[in-house]
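First comes the structure, then the notes that go with it.
FYI, it's all coordinate maths here, none of it is from the lab. Source: prediction; values computed, not measured. Cβ: placed from backbone, ideal geometry, glycine included. Neighbour counts: every protein chain shown.
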Amino acid sequence: APLEEVTLPLFFGWFLLSSVQEKVPCTSMDFLKTLDTLEAFKKHLVDFTGKAEKEVDLEQYFKPQGALHCTTKFCNYGKAEGAKEYAENPAVKESYGSAFELSLTALFVTPRTVGARVSLTDEQLKLWPADAEKEAASVVPAAASLPLGSRAHITLGCAEGVEPVQTGLDLLEILALQQEGQEGEPAEEMELGSLKYYGEGRWLLSLREPVCAPACFSSFYG
Ligand code: A2P
């Protein structure tokens, strides 16, 4: 392909600095280690295993997906809709290579993915594509009416055969339920925060103390 066609990256996003590349997975591992021992979780084990009696080791169940990051725009080397416009956005150009502090406010687990919710500041929202939530509407219909930035997350792991794009969709599903007025079934007060169950294997832990993660806004070519 001519060079112009390959100058757009696979995706833009915030890449966690090495100082927290270890810390965040540790927090996530601690959570998973506790989650699969809870009676509340065992009660709904069938969501994960298809069989009530079977055990699950969540630490093995989810596979890590490489360097931790929060995707802003998936460009697919220019093939994704709006990729060029995003790359040419002055805010994107100005912030490229700059440091940011991401605030991780929740951890969530489904039978497909485990991720961290990222709560974006107004400044960070300037780098968020206007259609990121709407794009998911074919899979999560209510996503289009969720606030901008709702999809922002860090994929921490995926079940066998699941693509990382699923993590943001899983988060949107939970947020859509919350928007409909479903508060989730309180399951456990954990050291990290309060855990709620949203049915169909969906768990959300709201962190008592948000995790602050320094990150560099950049892109990935692969
Ligand atoms: P995520 O941001 O949830 O981790 P892949 O390796 O599958 O090509 O994906 C590369 C990155 O781009 C991953 O971080 C992935 O998910 C994200 N991603 C993949 N496809 C999409 C999509 N259609 N929309 C938004 N993000 C995507």
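Of all the residues in the stretch 17-42, those that are in contact with a strand residue (DSSP E or B) (Cβ under 8 Å, 6 or more places away or on another chain) and basic (Lys, Arg) number 1.
Residues in the stretch 42-100 that are of a type in the set (Gly, Ala, Ser) and either within 13 Å of the ligand (Cβ to nearest atom) or exposed (fewer than 13 other Cβ atoms within 10 Å of the Cβ) (or both): 50, 52, 66, 67, 80, 82, 83, 97, 98, 99. Test residue 204 against the criterion of being away from the ligand (no atom under 14 Å from the Cβ), among the hydrophobic types (A, V, I, L, M, F, W, C), in contact with a Phe, Trp or Tyr (Cβ under 6 Å, 6 or more places away or on another chain) and outside any helix (DSSP H, G or I), and give yes or no. Considered against the rule, which asks whether it is away from the ligand (no atom under 14 Å from the Cβ), among the hydrophobic types (A, V, I, L, M, F, W, C), in contact with a Phe, Trp or Tyr (Cβ under 6 Å, 6 or more places away or on another chain) and outside any helix (DSSP H, G or I), residue 204 comes out as yes. Scanning the stretch 186-201 for residues that are touching a residue at least 60 places away in the same chain (Cβ under 8 Å), charged (D, E, K, R) and part of a strand (DSSP E or B) yields a single hit, 188.
Residues checked against (1) closer than 21 Å to residue 76 by Cβ; (2) outside any helix (DSSP H, G or I); (3) near the ligand (Cβ under 9 Å from one of its atoms); (4) of a type in the set (A, V, I, L, M, F, W, C):
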site	(1), (2), (3), (4)
144	no, no, no, yes
148	no, yes, no, yes
155	yes, yes, yes, no
162	yes, yes, no, yes
166	yes, no, yes, no
176	no, no, no, yes
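From 209, 183, grab the single residue that is free of Cβ contacts under 8 Å to residues at least 60 places away in the same chain, farther than 22 Å from residue 78 by Cα and part of a strand (DSSP E or B). Walk me through it before giving the result.
Values: 183 fails: part of a strand (DSSP E or B).
Matching residue, one of 209, 183: 209.
Does residue 171 meet the test of being away from the ligand (no atom under 16 Å from the Cβ), in contact (Cβ under 8 Å) with a residue 40 or more places away in the chain and surrounded by 22 or more Cβ atoms within 10 Å (Cβ to Cβ)? In short, no. Summed over the stretch 102-157, the residues that are touching a residue at least 60 places away in the same chain (Cβ under 8 Å), surrounded by fewer than 19 Cβ atoms within 10 Å (Cβ to Cβ) and over 16 Å from the mean Cα position of the chain (by Cα) give a count of 0.
What about residue 126, is it within 16 Å of the ligand (Cβ to nearest atom), within 26 Å of residue 222 (Cα to Cα) and among the charged types (D, E, K, R)? It is false that residue 126 is within 16 Å of the ligand (Cβ to nearest atom), within 26 Å of residue 222 (Cα to Cα) and among the charged types (D, E, K, R).
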